[in-house]
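What follows is one structure encoded as structure tokens, with my remarks underneath.
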Amino acid sequence: MYFKYRILHSIAGRMRLSVPALAAVAEHSAIKEMFESIRGIVQVRIEPVIQSLIIHYNNQILTSKHVLRYVSLFFQGFVESKVQTPGSTKKNSRRSS
């Protein structure tokens with residue numbers, strides 16, 4: 001499964017991303033807390049209406065590539081958890097003779 005995001009703005013220590021997967025998430029505070037628990041990420045703001053994620057980070061500890069990797073890993077796992085594999089909801093319909 002492929003996760004999409006777009007970098008809207010990026011300077012050293014701050015980036016704004018467009019993350020369409022935010023529309024499917026109800027617990028924005030949990031996402032904020034999870035990212036802020038990562039060493040080097042200072043502050044996270046989520047704007048669910050416009051599907052935007054703003055991350056302030058210490059660029060002495062993390063690079064923008066590190067931050068993007070964390071975002072990719074988190075949302076990739078989230079998207080995959082929401083997608084069911086074919087046949088996973090089918091019931092066994094064997095008949096006994």
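The values are calculated or read from the model by the stated rules, or taken from the named source; none is laboratory data. Note that the structure is a prediction, hence the values are computed from the model and not measured. Quick reminder, even Gly has a Cβ in these numbers, built from the backbone with ideal geometry, and neighbours come from all protein chains shown.
Things worth noting here:
- A single entry from S93, S97, S81 fulfils the requirement of being modelled with pLDDT under 90, farther than 22 Å from I7 by Cα and in a helix (DSSP H, G or I): S81.
- Just so you know, in region 10-27 the residues that are closer than 19 Å to R69 by Cα and assigned to a helix (DSSP H, G or I) include one that is farthest from the chain's Cα centre (by Cα), and it is P20.
- Any chance V67 is surrounded by 15 or more Cβ atoms within 10 Å (Cβ to Cβ), at pLDDT below 90, assigned to a helix (DSSP H, G or I) and not small (G, A, S): no
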